[in-house]
Each structure stands twice: as structure tokens, then as C-alpha cells.
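Q: After the C-alpha cells below, expect a handful of questions from me.
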Amino acid sequence: MLPIDALPQDDPTPGWFHTSQKRTPKPPLQGNASARFAVIGGGFTGLAAARQLAQNFPNDTVILIEGQQVGFGTSGRNAGFLIDVPHDISSPDYIGDPKIAKQILELNQTGQKILFDLVQQHNIVDAQLRHVGKYQAAVEDEGVRVLEAYRGGLEKLGQPAELIDGKDLPGIVGSHFYKKALHTPGTMLVQPSGLVKGLADSLPANVQLFEDMPITAIEYGAKTVLHHASGTVTADTLVLANNHFGTHFGFMHQRILPMFTYGSLTRPLTAEEQARIGGKDFWGIIPADPFGTTSRRTHDNRILIRNSFTFNADGRFKEGATERFRKAHRLSFERRFPDIKDVPFEYTWGGGLGMTRNGNSFFGELRPNVYGALGCNGLGTVRGTAMGTLLADLIAGKRHPLSDFLLSVEKPNMNPPEPFLSIGVNFTLRRGMANAGMEA
Ligand SMILES: Cc1cc2nc3c(=O)[nH]c(=O)nc-3n(C[C@H](O)[C@H](O)[C@H](O)COP(=O)(O)OP(=O)(O)OC[C@H]3O[C@@H](n4cnc5c(N)ncnc54)[C@H](O)[C@@H]3O)c2cc1C
């Protein structure tokens, strides 16, 4: 039996969770249960895998297990960008090999379409989904150069992208801070916690969801036995959809790293404050520099700021981190919106990304009857949804060109052992954040 030596524990102040509709979580299982399928992880990936397994095997039960509440973990803590276009920071035009870029575009669009259709089908109003595109914005010359190169790459890929001059941006995003922005129209924006809560509450009847039920130990064999606080779940087939926590289940050791990034939400702006900044009432900006600042104006007229990274090797939040990064967020907010600089933040939180060095995820079989869709990096809303769905199809024997693509790419690659790992990652993060300059 393998004890799970790191269990999820996120900070208590995720803004999207607290400002979305309250729901009653499904209670944890008391005692033992068995089913043909078990899925661990109630984020985008696990919700998609459980839904598709249930549809592929309508006469079987799928047990979906979440260690916290649905909407409280990383899937409910992100910035809510459902991004379609690829962005490969290792390539000069940010697109790289067009064959791979096309597959990634298709993968992202598949995830987007699944989420869009589910929101319509189940009337998930609290997802606050709007198809408005995104602005990738630059403050410094280097950032502008990135946008120009990326526009060329997107053009090669046949994807629309419009460069917008800084003087036109205040009328759009209410800020004079940026020099230029690249608008790509395919992105959708959501209230991420409202969306995943809605996905959980619209699962097919043959999915049994248990929340607040961390799996604390696992036994692999002809069947897999999962241990929880008051008993076991026995499954013929297991799907690991728990992102970097999958590495504590005996797979991908040190290949998927828990990197935390942080967000803050202001209180809703008053009508007078909204008028003071101007611009459209709903937009999203991602930075030209990967260590820069993401910001959004939300459906309820709050401003979101996201930046800063830490490496939390056990995948859990660290005391004091939100207070520390709230200060960084304050500075970023005041630079962008000096006219409303006194508007306070109501929430600050962090969330763990499952990052891989080569940017690839794990997708496929980990051992007989154990499958994984793990390590979504910074784009798990759409990628996790697509991978969870495709994995459930793979288990049902349905092949798709996109699953062939995912199976063919290099797996997440190995990192050096500790203490070199922490030293190296912390150095890279500190250097990246320092070099982001005014983009942060
Ligand atoms: C601040 C922030 C901003 C981001 N912005 C974006 C964005 O705009 N767009 C985008 O696409 N992505 C974004 N991301 C990344 C995105 O949130 C992740 O890629 C996505 O959540 C991954 O989904 P997942 O379902 O694979 O994993 P997760 O959301 O991490 O879900 C895994 C679940 O497994 C559960 N779990 C773990 N171990 C156990 C166990 N032992 N027993 C039971 N349950 C367990 C956890 O509690 C967790 O809820 C952002 C992330 C952060 C933190």
C-alpha cells in the first residue's frame, strides 16, 4: 500500500469561489464502495473525464473523488481565460512548428467547445461565459517586440490577430498604462469557480461525486483500492486527474512541478469609479512577458490582478504568501489604474499549476487499468477539459487524431533531484519576476 504523502490544501480566500453561487457540496463517502471506474480530481480534467466515461459506459458507475470542494481548488482559482491559440515561448514567433501548433489549436478549441456547449446545455449562468477575445498587452519595447513577432506567427497559422495602439487602449480597458496590445478574438472568459460548480452539478446520473474526500493511500493490483478517511473505493479502472498531485501516486516523480501563482479581486467598482476609468465593461489582458501581470474586468465590475510565482514542493499553500503577494498586486493595480488606486482588494489567493519543463502534459496509460491526464501547465481550463474527454474515449476504445497526437508527444521530462530542483526553480522564478520589470 502506498500512503499519499501530500494532500491538497489551498488557502481559504479564493475570490471566485466566494463570489460565485453557493452550493451544497456532495458529502464524502462513509465506508466502502466499488465501481467500474474511479476518477481522482474534481477540476476541469476530472469533471470532463468522469462525464465522458459516464456517457461512454451508461450502464456503469463512475465514482468521482475530490479532496476539497469542487470550485475551491485550482480549477476555481485561475484567471478564467479559455484560450484557443497556442503560445510557445521557446520559439521566436511564439508558434514554432506549425504542425504541432495546429494540433494544439485544435486541442484548445475542442476544450473550449465542450465547455461552451455544456454551459448552454445546462444553463450554467454563473459561468459568466463571454466570447470576447483577449488582449495580450505590452508596456515596454521588448514586450512590443514579442507582440509583433507573435502576430506574425499567428498569421502563419491563419489565426486572426489585431495590433492595437496604446492610445486606443484606454477606451477599451480603461488604462493608459500599455504601449500596445494584440487582440485575438477566439478566447472566452469565464468565472472559473462558477463554471466548475455548474459542471459538477450537471454530471450524468451514473456519476457519483464525493467531495471533501482526500485519497490517503492506494493499492495497485488487478483492481485499484483507494483509501479515504472512513473506508475504501475499489475500481476496475482508475483515472488520475489530480494535476501535480498525481506525482504522489507513484508516477511522473519530479516531472510535474507545483508552481503557485496568485490572484486578487477588488470589491465591485462603484458607477462613479467605472466612469472614472472608462473603457468597456468586460475585458481580459494577459501579459507579453510570462512573468508579467494578467488583469480582467469581471462581469460584476471587479478588477482582477494576477502575477507572482512560488515553488511549493508539497503542492500546498504557504502561510503568509497571500499577504506578501497582495502587496505586489497592489503595486500592479495602482500602476494600471491610478485614478481608482484606493479601491481595496476583497480577496487574495494562490493556486497550484502543474508545470512541466517541456510544456507537455502526461496523457495515457500509467500502468494496466490506471490512466492519467496530468500536468496542464497554465492552460488547464481548455486543455484539461479536452484531455479528460479524450482519455475517457481512449478507455472506451475510441481513437481520435488528437489522442494520437497527445500519445505521440514527448512525456513531461525529468528534473534534477532535490535540493538542486528547489534551488534551480526558485532561481528561475526570482530571475523571471525581476526581469519582468514594468510588465509586472
Ligand atoms: C492564479 C491562476 C491563474 C490561472 N489562469 C488560467 C487561465 O486563465 N486559463 C487557464 O486555462 N488556466 C489557468 N490556470 C491554470 C489552470 O487553473 C489549471 O491548469 C487547471 O486548473 C488544471 O485543471 P486540473 O483539473 O487538471 O487540475 P486541478 O484544477 O488542480 O484539479 C485537481 C484536483 O485534484 C484534487 N486532488 C489532488 N489530490 C487529491 C487526493 N489525494 N484526493 C482527492 N482529490 C485530490 C485537488 O483538490 C484538485 O481540486 C491558472 C492557475 C492559477 C493558479
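The values are calculated or read from the model by the stated rules, or taken from the named source; none is laboratory data. Only a predicted model underlies this, so the values are computations on that prediction, with no experimental measurement involved. Ideal geometry is used to build each Cβ from the backbone, glycine not excepted, and the neighbour counts take in all protein chains shown. All accessible areas refer to the heavy atoms of the entire protein, side chains included, with ligands and DNA or RNA removed. Shrake-Rupley method; radii C 1.70, N 1.55, O 1.52, S 1.80 Å.
Q: Suppose we filter G246, G166, G221 for residues that are touching a residue at least 24 places away in the same chain (Cβ under 8 Å) and small (G, A, S); which single one remains? Quick ask: steps written out before the conclusion?
A: Details: G166 fails: touching a residue at least 24 places away in the same chain (Cβ under 8 Å); G221 fails: touching a residue at least 24 places away in the same chain (Cβ under 8 Å).
Answer to the check: G246.
This table checks each residue for (1) assigned to a helix (DSSP H, G or I); (2) at pLDDT 95 or above; (3) surrounded by fewer than 22 Cβ atoms within 10 Å (Cβ to Cβ); (4) out of contact with any Pro (no Cβ under 8 Å at 6 or more places or on another chain).
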position: Y135; (1), (2), (3), (4): no, yes, no, yes
position: E148; (1), (2), (3), (4): yes, yes, yes, yes
position: Q159; (1), (2), (3), (4): no, yes, yes, yes
position: L163; (1), (2), (3), (4): no, yes, yes, yes
position: K167; (1), (2), (3), (4): yes, yes, yes, yes
position: I172; (1), (2), (3), (4): yes, yes, yes, yes
position: A181; (1), (2), (3), (4): no, yes, no, yes
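Q: Still on this structure, I have one more. Within the set of pairs 6+ apart or on separate chains, which have a first residue in the range 169-183 that is polar (S, T, N, Q), a second that is open to solvent by 10 Å² or more (accessible area, probe 1.4 Å), and C-beta atoms under 8 Å apart?
A: Here the result reads S175/I277; S175/G279, each pair linking the range 169-183 to a residue that is open to solvent by 10 Å² or more (accessible area, probe 1.4 Å).
Q: Related question: It is to be established whether one or more residues within the range 64-84 are more than 10 Å from the ligand (Cβ to nearest atom), in contact with a helix residue (DSSP H, G or I) (Cβ under 9 Å, 6 or more places away or on another chain) and not charged (D, E, K, R). Talk me through it step by step, then tell me what you get.
A: At the first step, the residues of the range 64-84 found to be more than 10 Å from the ligand (Cβ to nearest atom) are 84.
Next cut, in contact with a helix residue (DSSP H, G or I) (Cβ under 9 Å, 6 or more places away or on another chain) only: 84.
When the remaining residues are screened for being not charged (D, E, K, R), the result is none.
Checking the range 64-84: not a single residue is more than 10 Å from the ligand (Cβ to nearest atom), in contact with a helix residue (DSSP H, G or I) (Cβ under 9 Å, 6 or more places away or on another chain) and not charged (D, E, K, R).
Q: Now for a separate question. I'd like to know if the range 101-120 contains one or more residues that are under 22 Å from the mean Cα position of the chain (by Cα), closer than 17 Å to T385 by Cβ and small (G, A, S).
A: yes
Q: Can you pull out the residues in the range 157-201 that are of a type in the set (D, E, K, R) and in contact with a helix residue (DSSP H, G or I) (Cβ under 6 Å, 6 or more places away or on another chain)? Full working, then the answer.
A: Of all residues in the range 157-201, those of a type in the set (D, E, K, R) come to 162, 165, 167-168, 179-180, 197, 201.
If the condition is that a residue be of a type in the set (D, E, K, R) and in contact with a helix residue (DSSP H, G or I) (Cβ under 6 Å, 6 or more places away or on another chain), then K179, K180 are the ones that fit.
Q: Going through G284, G354, G364, G315 one at a time, which residue ends up being in contact (Cβ under 8 Å) with a residue 12 or more places away in the chain, part of a loop (DSSP other than H, G, I, E, B) and either open to solvent by less than 10 Å² (accessible area, probe 1.4 Å) or near the ligand (Cβ under 10 Å from one of its atoms) (or both)? Let's see the steps before the verdict.
A: On the way: G284 fails: part of a loop (DSSP other than H, G, I, E, B); G354 fails: part of a loop (DSSP other than H, G, I, E, B); G364 fails: part of a loop (DSSP other than H, G, I, E, B).
None of the others qualify; the one that does is G315.
Q: I'm told K411 meets every condition in (1) in contact with a helix residue (DSSP H, G or I) (Cβ under 8 Å, 6 or more places away or on another chain); (2) surrounded by 15 or more Cβ atoms within 10 Å (Cβ to Cβ) except one. Can you identify the failing condition by its number?
A: (1)
Q: Which strands (runs of 3 or more DSSP E) does the range 188-260 wholly contain that include 1 or more residues that are touching a His at 6+ places or on another chain (Cβ under 9 Å)?
A: Details: elements: 207-210, 217-219, 224-228, 231-240.
The qualifying strands (runs of 3 or more DSSP E) are 207-210, 217-219, 231-240.
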